[in-house]
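The values are calculated or read from the model by the stated rules, or taken from the named source; none is laboratory data. The structure presented is a predicted model; accordingly, all values stated were derived computationally and were not measured. Every residue, glycine among them, receives a Cβ derived from its backbone with ideal geometry; neighbour counts consider all protein chains shown.
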Amino acid sequence: MTAPKRRWFRWSLRTMFVLVTASCVCLGWRINHVRQQRDAVDAIMSLGGHVMWWGSDAQSPPPPRTSADWLNEILGRRYPIVATFSNKSFTDGDLEKIVLPLRSLQHLSMRDVAVTDDGLLRLDSLRALRHLRCIRDPDPRSQKVIEELDKHTILDLNQTPLDDVLDYLSDLHGIPFVMDQRECAAAGIDGNLPITQNVKGNGLSLGEALDATLNPHGLGWVIKDASVIAQDIKRFGLEPHTSVMVTSAKVAKQDRRRILVKKLRAMLPDLKEIEVD
């Protein structure tokens, strides 16, 4: 009796073409990702930043790239985990183009950048991120306004028209005080509104004095375009004579930061440390 011949595994030419094509697509996708990653690292280095790769010594400069590095990056054995840089012209567009391709990042530190809250919320693709630090470059004009609002002021007003009060504060503190004409007109408030207030040596800052002066008349204030703008207080969800005011720049900034951190933690649950200005 003749033993049966061993049947070798066989496939058609069409199957081989399909497998080769699929392999090429996967390899091409991986190579493209590595190329984007390398371009992003080069961009960070050109900004004077620093990138640390997995397995490298953080205290020593990165070694020259070799052909083995290229292969290790394709195979996922070498990838960036730390990126730090500082650049005042770094915007949301740069963040999307330079940082987001580095999906293996675990530590990201940005200082003096012009990245917005919306830009930071695009970091949801960095699933490996554990530590985030972003100290943004403040608008120097708005910063001057905020610093002035912390200084003490003097008010001695007796039925003084609102327009005159704002002009007086502008001259006294060297920053523009204006009224949102459209909103105030809709609320039935105009520049002839009589204001009575006395603030002399009682330790009130300019921001606190503004609250005490404007709030009883149904007005709040915001900082916009390096100016202090008086607006209808209902815009802030408050009513006149409210005892707790939330219109100061510091409180508004703290609320914004708290909301942003909450969103980032929900978006990236593995984040252990967040520092955002």
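Selection of segment 129-153 for residues being of a type in the set (A, V, I, L, M) and at pLDDT 85 or above yields 129, 132.
Screening residue 185 against (1) of a type in the set (A, V, I, L, M); (2) without any contact (Cβ under 8 Å) to a residue 24 or more places away in the chain; (3) touching a Phe, Trp or Tyr at 6+ places or on another chain (Cβ under 6 Å) leaves a single unmet condition, (3). Comparison of 178, 246, 228, 222 shows that the only residue that is within 29 Å of the chain's Cα centre (by Cα), modelled with pLDDT of 85 or more and either part of a strand (DSSP E or B) or surrounded by 13 or more Cβ atoms within 10 Å (Cβ to Cβ) (or both) is 178.
Taking residues in segment 219-232 that are touching a residue at least 60 places away in the same chain (Cβ under 8 Å) and under 16 Å from residue 182 (Cα atoms), and partners anywhere that are in a strand (DSSP E or B) and not aliphatic (A, V, I, L, M), the pairs with Cβ atoms closer than 8 Å and at least 6 places apart or on different chains are 228/177; 228/221; 230/177; 230/220; 230/221. Taking the condition in the same structural domain as residue 39 (by TED's automatic domain parsing) and touching a Phe, Trp or Tyr at 6+ places or on another chain (Cβ under 7 Å), does residue 99 pass? For residue 99, the condition - in the same structural domain as residue 39 (by TED's automatic domain parsing) and touching a Phe, Trp or Tyr at 6+ places or on another chain (Cβ under 7 Å) - is not met.
Given the conditions (1) among the hydrophobic types (A, V, I, L, M, F, W, C); (2) buried (at least 18 other Cβ atoms within 10 Å of the Cβ); (3) more than 15 Å from residue 177 (Cα to Cα); (4) at pLDDT 80 or above, report the number of the one that residue 271 does not fulfil. Residue 271 satisfies every listed condition except (2). Entry remark, segment 133-191: residues being within 30 Å of residue 274 (Cβ to Cβ) and hydroxyl-bearing (Ser, Thr, Tyr) number 1 in total.
One residue alone among 167, 112, 190 is on the phi > 0 side of the Ramachandran plot and in contact with a strand residue (DSSP E or B) (Cβ under 9 Å, 6 or more places away or on another chain), and that residue is 112. Against the list (1) among the β-branched types (Val, Ile, Thr); (2) under 30 Å from residue 133 (Cβ atoms); (3) modelled with pLDDT of 75 or more, the condition residue 251 fails is (3). Working carefully through the options 8, 29, 54, find the one that is modelled with pLDDT under 75, surrounded by fewer than 12 Cβ atoms within 10 Å (Cβ to Cβ), within 30 Å of residue 106 (Cα to Cα) and not charged (D, E, K, R). The conditions single out 29.
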